[in-house]
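The next block holds one structure in the form of C-alpha cells; read it before the comments.
The values are calculated or read from the model by the stated rules, or taken from the named source; none is laboratory data. All of these numbers come straight from a predicted model, not from anything done at the bench. Note: ideal-geometry Cβ built from the backbone for every residue, glycine included; neighbour counts use all protein chains shown.
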Amino acid sequence: MFSLQLKYETLRLLRSPALWLLLIFLVASVSFGIYNGMQRTAAKRQSVGEMLVKQQTDLEKQKMQADSIARNLIKSNSWWLDPTNVIVVGGMWRGAG
C-alpha cells in the first residue's frame, strides 16, 4: 500500500510546475555559487602572487642593505632602519605581525 501511494505521489509531484521551477532555481543558484567562488579564488590567487613578488623584492632589498652595512660600505643612521638588528627585522618591517 505504501509503495503504491509513494509511486502515485511521486508521479503527481513530477507533473507539478512548482517542482520544476524550484529545480531550475536550485541549479541556477548552485551554478552562480560555483562561478562566483571561482572568480573570487582567482582574484585571491592573483593578489597573493602580487604580494609574494613584492615581499621577495623587499627581502632582496633588505639583504643588500644588510650586506652593505655588514661590510661597512654604508652606515645606518637610525637603529630602527638597520636591517642587521634582529628587533627591527622581527618587529618593525612589513613582515612583522
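Here are a few things to note about the model shown:
- Pairing residues of the stretch 49-65 that are free of Cβ contacts under 8 Å to residues at least 24 places away in the same chain with residues that are surrounded by 11 or more Cβ atoms within 10 Å (Cβ to Cβ), at Cβ distances under 6 Å and at least 6 apart in sequence or on separate chains, gives 65/83.
Matching residues to (1) among the polar types (S, T, N, Q); (2) surrounded by 10 or more Cβ atoms within 10 Å (Cβ to Cβ):
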residue	(1), (2)
6	no, yes
15	no, no
22	no, yes
29	yes, yes
35	no, yes
39	yes, yes
44	no, yes
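- Yes/no for residue 72 being at pLDDT below 90, at positive phi and in a loop (DSSP other than H, G, I, E, B): yes
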